[in-house]
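Here is the structure we will look at.
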Amino acid sequence: SCFVFVYPSYRSSTMAAISPVLSVKPTRGLVNEKIQIIVRNLPPRFPVTLHSLYLSEDKDYWEAFGHYTSDNRGTVTGSVGGTYEGSEPMGLLWSMQPVPRSRTGLRLRKMNVLTPMVVHISVYSGHVTEGFSKQSPLATVVIERWYLAPGVRRIDIRDEEVKGTLFIPPGPGPFPGVLDLWGGGGGLVEYRSALLASHVFVSMALEYFSTEKNRASNLHIKYFEKAFRIVQEHPLVMKDSVALFGLSLGTSITLHMAAYSKAVSPRCCVCVSGSHVQPINSPQNIFINLQENTHKYQFDEEGCLVWKDIILPIPNDPGLKVDMGRIKCPVILIVREDDQNLATVESAEDMTQMMRAAGNKHLLTTFRYPGAGHLIEPPYTPHVRASNFIVQQTGEKVIMLWGGSRKPHASAQEGSWEMILKFLQQHLYPSQDSFTQAKL
């Protein structure tokens, strides 16, 4: 993907003569698909600003912008300023930030996957940094970014115990399955499962921390085993090709199930920004470290809560961490080296040592990303270094520090998503001949 700027011959460089033609392709696509932006009819040495604008479901505006100046031939090769620099067409998405004077602690998440993200991409005259709403753009294109490909079915799972959402790809199947476990923020988060189904995996987003006052949270291993079997026993799922996918606390649960469950056997595990440190005898009390180590809480200079040291030093007591030597399936670890929420780097090093000593290190694949923070989302999701967070066990509202810097974090999200898809395809599909991908 690249920017291409061209212009025809000009007799006048006045504003009246400037009528750029803006093209963005595709105008409708999955959120992990790259876009190409082309602007035509720009005069030489003319400054412009490319700007993106999105209104979130929470009614907050997010924007990104890049400054460009055409050369003597009217061609622009990269942004020289703004929220991103260089030849970065996706920068208009991954560098989005709340517009000035927005509420604090915002995080951009798409909760209704049945509708697209509608983004306005515009060209403005001059190098503009704010006040875009008070100016008229030279040209605008509206694009749609979807988590859900055409034909993917969304099915509510609501029985007496398990609450989740199942996403099923189009086609006759059978497909591999994924049980998708988010972290300690709670609620039912569907967008990653929707995107996995758009890449031909039956995926179930599971709620285990409820945000409803009349619904209890459930951290007992039997709850996750039942959810796993719901995926496994679906008639369109290959029963021996079901994976666990965990982020943060979801990784702790994933590793516990892979090591100790006698009822289910995942074919492989995806572990993002997580740790193996947990009380093994009482996995439902996984927050014991938070309750007993509040003295390790730290706050940065802006008052954001830092949890990174809570599990440090990594314990030697085998009763306080998953026995990685018990794991018998392939595991991919996605590690962020600027994770300020959890000691994932130290955890990954200890897990590696444990598996090496146990003789199953060959099952472990690790990818480390410098400059990336805790919150790893699908590609091109805007990076937030800190955001509002409700501590589930206390109900306390805080601004949590996640870490990461904008550009390296964006690169990590794009790179790790590609590695995760390849890992799942390699271990869940019996052959690449059976792999096809849905597209918008």
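The values are calculated or read from the model by the stated rules, or taken from the named source; none is laboratory data. Since the structure is predicted, the reported quantities are computational estimates derived from the model, not experimental observations. When we count neighbours, we look across all protein chains shown, and the Cβ atoms used for this are built from the backbone with ideal geometry, even at glycine. The accessibility values were calculated without ligands, DNA or RNA, using every heavy atom of the protein model including side chains. Shrake-Rupley method; radii C 1.70, N 1.55, O 1.52, S 1.80 Å.
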Exercise. What number of residues within region 67-89 satisfy the criterion of being touching a residue at least 24 places away in the same chain (Cβ under 8 Å), surrounded by fewer than 19 Cβ atoms within 10 Å (Cβ to Cβ) and either closer than 24 Å to Pro408 by Cβ or under 21 Å from the mean Cα position of the chain (by Cα) (or both)?
Worked result: 4
For this session: Please enumerate the residues belonging to region 168-179 that are surrounded by fewer than 22 Cβ atoms within 10 Å (Cβ to Cβ), part of a loop (DSSP other than H, G, I, E, B) and on the phi < 0 side of the Ramachandran plot.
Result: Pro170, Pro172, Pro174
Exercise. So, in region 180-191, of the ones that are open to solvent by 10 Å² or more (accessible area, probe 1.4 Å) and not hydrophobic (A, V, I, L, M, F, W, C), which residue ends up modelled with the highest pLDDT?
Worked result: Glu190
Exercise. Which number in (1) surrounded by 22 or more Cβ atoms within 10 Å (Cβ to Cβ); (2) over 27 Å from Lys25 (Cα atoms) marks the one condition that Tyr147 misses?
Worked result: (2)
Exercise. If we scan region 157-167, do we find a residue that is over 30 Å from Ser210 (Cβ atoms), crowded, with 17+ Cβ neighbours inside 10 Å and in contact (Cβ under 8 Å) with a residue 24 or more places away in the chain?
Worked result: no
For this session: Go over the candidates Lys407, Lys361, Lys397, Lys308 one by one and state the one that is modelled with pLDDT of 95 or more and over 16 Å from the mean Cα position of the chain (by Cα).
Result: Lys361
Exercise. Does Ala410 count as touching a residue at least 24 places away in the same chain (Cβ under 8 Å), open to solvent by less than 30 Å² (accessible area, probe 1.4 Å), outside any loop (DSSP other than H, G, I, E, B) and more than 21 Å from Ser193 (Cβ to Cβ)?
Worked result: yes
Problem set entry | Residues satisfying the stated conditions in region 372-400, i.e. open to solvent by less than 10 Å² (accessible area, probe 1.4 Å) and either touching a Phe, Trp or Tyr at 6+ places or on another chain (Cβ under 8 Å) or in a strand (DSSP E or B) (or both) | Gly373, His374, Pro378, Pro379, Ser387, Met400
For this session: For region 246-297, name all the residues that are open to solvent by 40 Å² or more (accessible area, probe 1.4 Å) and either modelled with pLDDT of 90 or more or acidic (Asp, Glu) (or both).
Result: Tyr260, Lys262, Ala263, Ser265, Arg267, Glu292
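Residue-by-condition table, conditions (1) under 30 Å from Ser252 (Cβ atoms); (2) touching a helix residue (DSSP H, G or I) at 6+ places or on another chain (Cβ under 6 Å); (3) free of Cβ contacts under 8 Å to residues at least 12 places away in the same chain:
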site	(1), (2), (3)
Val99	no, no, no
Thr115	no, no, yes
Val123	no, no, no
Val152	yes, yes, no
For this session: Please list, ordered by first then second residue, the pairs with beta carbon atoms under 7 Å, 6 or more apart or interchain, first in region 193-214 and more than 30 Å from Thr394 (Cβ to Cβ), second part of a helix (DSSP H, G or I) and modelled with pLDDT of 95 or more.
Result: His199/Leu421; Phe201/Leu424; Val202/Val231; Ser203/Ser193; Ser203/Leu196; Ser203/Ala197
Seminar exercise, completed: Screening Gly91, Gly131, Gly86 for residues that are at positive phi and touching a strand residue (DSSP E or B) at 6+ places or on another chain (Cβ under 9 Å) leaves only Gly86
